[in-house]
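Asks: Below is the structure I would like to discuss, written out as structure tokens.
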Amino acid sequence: MAKPDSGARPDEAWAVAEAGSQRRLVAVNRAAERAGLKPGMSVADALAIRPGLKLAPHEPAEEDALLGRLAEWCSVYTPFAAPDLWREGIGSAGLWLDISGCDHLWGGEEALLNDLTGRLERLGFIVRAAVADTPGAAWGWARFGAGGVVAAGGAREALATLPVSALRFAPDVTLGLARLGLRRIGDLYPLARGRLAARFGSVVGRRLDQALGAEEEPISPLRPPQSLQVQRRFVTPIGRSEDAAAAVRFLLPRLMQLLERQQLGVRRLDLSVFRVDSSCARLAVGTSRPTRDANALFRLMALQLDGLQAGFGIESLMLAASVAAPLAARQQDMEDGESAECLSEMLDSLGNRLGFSRVQAFAPAGSHLPERAVRRLSAEAAATALIPEPWPDQRRPPILLSRPEAVAVTAPLPDAPPLLFRWRQTLHRVRRAEGPERLEGEWWRDQSPARDYYLVEDEDGGRFWLYRLGLPGEFNPARWFVHGLFA
């Protein structure tokens, strides 16, 4: 597959040439092909045949990026689409599409192939494509054969007349086989594999077996195929974000039905937007817990659809639950259920705007000391906790100081609550007090002194959480700290 310069005339010969001391052609357009030029020919020979040949530099990185974008776009035909970046011989890079089980959606293999090649040609690409039982046979028939559909079971006969380079051999292997008079793939059929392996290694036998179906050659897709997905194609490309939103609203209930059959809920929803210019845009939203609420998911997706660029038009949309989790049907109190749903929707909205890692929840930790008794969790982890750890029954202040602050205290006895204390240059007279509550550190961490905590209320109604450090008699005078505030 090659794409000529956008300003080239149909009768103008163009070729892509690699860099280096011995420059060779990598790809040619149809005008150059009609003149007798072909990939692998040296630039000097090509210019001798066609002096007016236009040359463009070969840029593998840009070619790989283009093939990656085209493979993304080809996932509208099959989830098993990937770029073919093999460049060890002539007629190298292209696209892999495993259309097993997908061709009937397009009216058969030939109809799918014609639709694919027609679209690519309308975009300005020169396309050679083939369908066969194996990837190896399709690769060789597309580049060295007539192209089109190879009949089921006909790979052996179709490949027999093709050159051995159609098996994706490195140039030195192809040259070595030619020196032995083995120029066609059919010449390899009657030969013993042991003799070929002794001279060329296992590559000849492996490639031949892959092309004939005796050995598997799986295609690794760009993205893992999704079983939970729905798709909508448009007769006429759409260009407005409102139309795309309407299509998403149409697809969501259908995707929720697939999830309900498997008792699953969405955790991550992916929207693939296939444009007519062979580009593909992907949008994604996440949820803090599994859900099948189509309305809530649409509200999350609508935030991203507002900025969707339709380009020259959108020809199809694909909606997939890329991450799903068990969500069994449940019956619960109406009020509690509504509260949980509202909280979940709020977390989803904040998570998609700010990032789920920035939305945090608090959970109890296994320590009596207040500064160690709370741990931070992501909202996702808190929502998916199967058995959340209960909070302690003791009364704790909603405001805990990051560091306890020393205060001057007047107390009648060493173990009695304070009568008054001075904190931040303000004198507080205690009206009532509760305590003490003795807390000690973990024995396996350190031997810090015990703390006696008091909840005190001053004459102005302020409520404070104070503690005395150490047991009575250990410190003289006693050391007091403010650790939290109740109001």
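Asks: Note down the nm distance, to one decimal, between modelled labels 7 Å out along Cα→Cβ at E62 and at A111.
Replies: Modelled inter-label distance: 3.9 nm.
Asks: How far, in degrees from 0 to 90, does helix 203-212 lean away from the longest principal axis of the Cα atoms of the chain, to the nearest 10?
Replies: Relative to the chain, helix 203-212 is tipped by roughly 90 degrees.
Asks: Oh, and also: Assuming R0 = 41 Å, what is the FRET efficiency of A246 and E217, from their Cβ-Cβ distance, to the nearest 0.05? Walk me through the numbers before you get to the answer.
Replies: Numbers: r = 42 Å, r/R0 = 1.02.
Calculated value: 0.45.
Asks: Let me ask you something else. Could you tell me the largest-minus-smallest coordinate of the C-alpha atoms of region 17-143 on each of the three principal axes, in descending order and whole angstroms?
Replies: Each principal axis gives a Cα extent; for region 17-143 these are 48, 27, 26 Å.
Asks: Here is a follow-up. Return a whole-number percent for the relative contact order of region 399-485, with Cα pairs under 8 Å and 6 or more residues apart as the contact set. Display every interim value, and only then the final one.
Replies: Working: 179 pairs, mean separation 24.9, N = 87.
Computed value for region 399-485: 29 percent relative contact order.
Asks: Then there's this: Using a simple spin-label model with points 7 Å from Cα along the Cα→Cβ vector, what separation in nm is obtained for R463 and R282?
Replies: Calculated label separation equals 5.2 nm.
Asks: Once you have the alpha carbon radius of gyration of the chain, what is it after dividing by 2.2 N^0.38 Å, with N set to its residue count? Please report the intermediate quantities before stating the final value.
Replies: On the way: Rg = 35.7 Å, N = 487, 2.2 N^0.38 = 23.1 Å.
Taking N as the residue count of the chain, the ratio is 1.55.
Asks: Work out from phi, with θ = phi - 60° and the Karplus expression 6.51 cos²θ - 1.76 cosθ + 1.60, the ³J(HN,Hα) of each residue of region 18-24, listed in order in whole Hz, and give x for Gly and Pro.
Replies: So the J values, rounded to whole Hz, are 7, 7, x, 5, 10, 6, 10.
Asks: Given R₀ = 56 Å, FRET efficiency for Q263-T236 by Cβ-Cβ distance, to 0.05?
Replies: FRET efficiency, Q263 to T236: 0.90.
Asks: Which angle between 0 and 90 degrees, to the nearest 10, do you get for helix 60-74 versus the longest principal axis of the chain when only C-alpha atoms count?
Replies: Roughly 80 degrees between the two axes.
Asks: Taking 0.36 nm per residue of separation and subtracting the Cα-Cα distance, what length does fully extending D11 through A178 add?
Replies: Working: separation 167, 0.36 × 167 = 60.12 nm, distance 3.50 nm.
Length gained, D11 through A178: 56.6 nm.
Asks: With contacts defined as alpha carbon pairs under 8 Å and 6 or more residues apart, what's the relative contact order of region 14-57 in percent?
Replies: Reported relative contact order: 44 percent.
Asks: Now, a different point. Take L123 and R424, extend 7 Å from each Cα along the Cα→Cβ direction, and tell me the distance between the two endpoints in nm.
Replies: 6.3 nm
Asks: Continuing with this model, one more query. With an 8 Å cut-off on Cα pairs and a minimum separation of 6 or more residues, tell me the relative contact order of the chain in percent. Walk me through the intermediate numbers first.
Replies: Values: 836 pairs, mean separation 41.1, N = 487.
Relative contact order of the chain: 8 percent.
Asks: Debye sum, Cα scatterers, region 229-347, no solvent: what log₁₀ I/I(0) at q = 0.09, 0.10, 0.15, 0.20 1/Å?
Replies: -0.26, -0.32, -0.67, -1.06
Asks: From the square roots a ≥ b ≥ c of the eigenvalues of the alpha-carbon gyration tensor of region 89-164, which class results: rounded (a/c under 1.5), prolate (a/b over b/c), or oblate? The partial results should precede the final answer.
Replies: Values: a/c = 2.04, a/b = 1.18, b/c = 1.73.
Oblate is the answer for region 89-164, as a/c is 1.5 or above yet b/c matches or exceeds a/b.
Asks: To the nearest 0.05, how large is the calculated FRET efficiency for W444 and A363 if R₀ is 22 Å and r is the Cβ-Cβ distance? Don't skip to the answer; put the middle values down first.
Replies: Values: r = 21 Å, r/R0 = 0.96.
Working from the Cβ atoms, E equals 0.55.
Asks: For region 399-485, report the % of Cα-Cα distances exceeding 17 Å.
Replies: In whole percent, the share of Cα-Cα pairs in region 399-485 beyond 17 Å is 45.
Asks: Right, another one. Near the amide H of W423, under 5 Å away, which other amide H atoms are found, from residues 5 or more places off or on another chain, if H is placed in the peptide plane?
Replies: When sequence neighbours closer than 5 places are left aside, the close amide H contacts are H428.
Asks: Classify region 61-212: rounded, prolate or oblate, from the alpha-carbon gyration tensor (a ≥ b ≥ c, eigenvalue square roots; a/c under 1.5 rounded; otherwise prolate if a/b is larger than b/c)?
Replies: prolate
Asks: Quickly estimate the mean residue ellipticity at 222 nm for the chain, helices only: each DSSP H run with n ≥ 4 gives -39500 (n - 2.57), and the total goes over all residues, rounded to 500.
Replies: Dividing the helical sum by the residues of the chain leaves -9000 deg cm²/dmol.
Asks: Using the 10 angstrom Cβ neighbour count as an exposure proxy, how do V456, V127 rank, fewest first? Walk me through the numbers on the way to the answer.
Replies: Numbers: V456 24, V127 19.
Fewest-to-most Cβ neighbours within 10 Å comes out as V127, V456.
Asks: So what are the ³J(HN,Hα) numbers for region 259-266, from phi and the Karplus equation (6.51, -1.76, 1.60; θ = phi - 60°), rounded to whole Hz, Gly and Pro as x?
Replies: 5, 5, 4, 9, 6, 10, x, 6
Asks: Under 5 Å between amide H atoms, partner at least 5 residues away or on a different chain: which partners does A56 have, H built in plane at 1.01 Å?
Replies: A15, V16, A17
Asks: Also, I was wondering about something else. Based on alpha-carbon centroids, what's the gap between region 127-161 and region 220-282 in Å, whole number please?
Replies: 33 Å
Asks: Which ³J(HN,Hα) values in Hz, rounded to whole numbers, follow from the phi angles of region 268-274 under the Karplus curve 6.51 cos²θ - 1.76 cosθ + 1.60, where θ = phi - 60° and Gly and Pro get x?
Replies: 9, 10, 10, 10, 9, 10, 9
No value in this document is a laboratory result; all are computed from the given coordinates. Small disclaimer: the values here were computed from a predicted structure and weren't measured. Counting neighbours? That spans all protein chains shown, and the Cβs are built from the backbone with ideal geometry, glycine included.
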